[in-house]
Amino acid sequence: MTPGAGDGDPPRVSIVVIARDEADAIVAVLDRVCDSVTVAFEVLVVYDDPGDTTAPAVAAYGDGRVRGVLNGLGPGPAWAIRAGMAAAKADVVVVTMADGSDDVGLVDSMCRLVERGCAVVAASRYMPGGAQVGGPMVKSALSRTAGLVLCWLARVGTHDATNSFKAYSVAFLDEVGVHSDAGFEIGLELVAKARRLRLPVAELPTIWLERRTGQSRFKVVEWLPRYLRWFRFAFGPALSVEQVRARAAGAGSPPE
């Protein structure tokens, strides 16, 4: 058992793992979490369907820090992430995927940065020391371009605003709420909200590796308009919490 992460310790970080039929990958991901994370943690593996092939693999894992969460909020990754956040017991939430592409060895450092006062900590593929190995070329180019534009022009605090692998302050989540309801744009949404509130956002370099098993379910064409909404939202003057929540809840593109 990893020091400082005993079964009886209250978790400092809740690691939300989004899964859909990931029976072939989930055990290796859970092994890496349990081997590398030293702060007290819980792992919440979230799936939409009780018949998901991930569920029995999680149930059989045999570590009390790991539990399955059935997403009852709505279908799709955004609702699954929101369900995991709602079930979290810690003051810090880290979101990652069940395909093994993310380096969960960063969780300790991400957690500590949030505990020091960051609203969001991004694992960044596009800062010095980071890299993306493999993956669809179009998706990668769009993500990199958006990340660099937001970093240098909107000054969001990270080169990789679109990456889903991020840590969040639960107090920040409770304050601003989550409004995404479809794809993986929650990471961008929360970076944009932190920027408009002028809250600290930090980043750490990560090396993202294309999954070895299964198939990516990222829908570039379908989800692009939702990413553009939060891309635009990141630009503009400082807002109050009430203004951020009101504009994010508005129909269509939030006004500046």
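What follows draws every value from the coordinates through simple rules; no lab data is involved. Computed from a prediction, not measured in an experiment: that's the story for all the values here. With ideal geometry, Cβ positions are generated from the backbone for all residues, glycine too; neighbour counts draw on all protein chains shown.
Before moving on, here are some points about what is shown:
- Residue among 191, 149 that alone is in a helix (DSSP H, G or I), of a type in the set (Val, Ile, Thr) and surrounded by fewer than 19 Cβ atoms within 10 Å (Cβ to Cβ): 149
- Pairing each residue of the range 54-65 that is over 22 Å from residue 9 (Cα atoms) and free of Cβ contacts under 8 Å to residues at least 24 places away in the same chain with any residue that is surrounded by 14 or more Cβ atoms within 10 Å (Cβ to Cβ) and not hydroxyl-bearing (Ser, Thr, Tyr), provided the two are 6+ apart or on different chains, yields C-beta distances under 6 Å for 55/68.
- Flag if residue 168 is in contact with a strand residue (DSSP E or B) (Cβ under 7 Å, 6 or more places away or on another chain) and of a type in the set (Phe, Trp, Tyr): yes
- Residue list for the range 117-148, filter: free of Cβ contacts under 8 Å to residues at least 60 places away in the same chain and either touching a Lys or Arg at 6+ places or on another chain (Cβ under 7 Å) or on the phi > 0 side of the Ramachandran plot (or both): 126
- Filtering 32, 20 for residues that are under 19 Å from the mean Cα position of the chain (by Cα), more than 27 Å from residue 177 (Cα to Cα) and in contact (Cβ under 8 Å) with a residue 40 or more places away in the chain leaves a single hit, 32.
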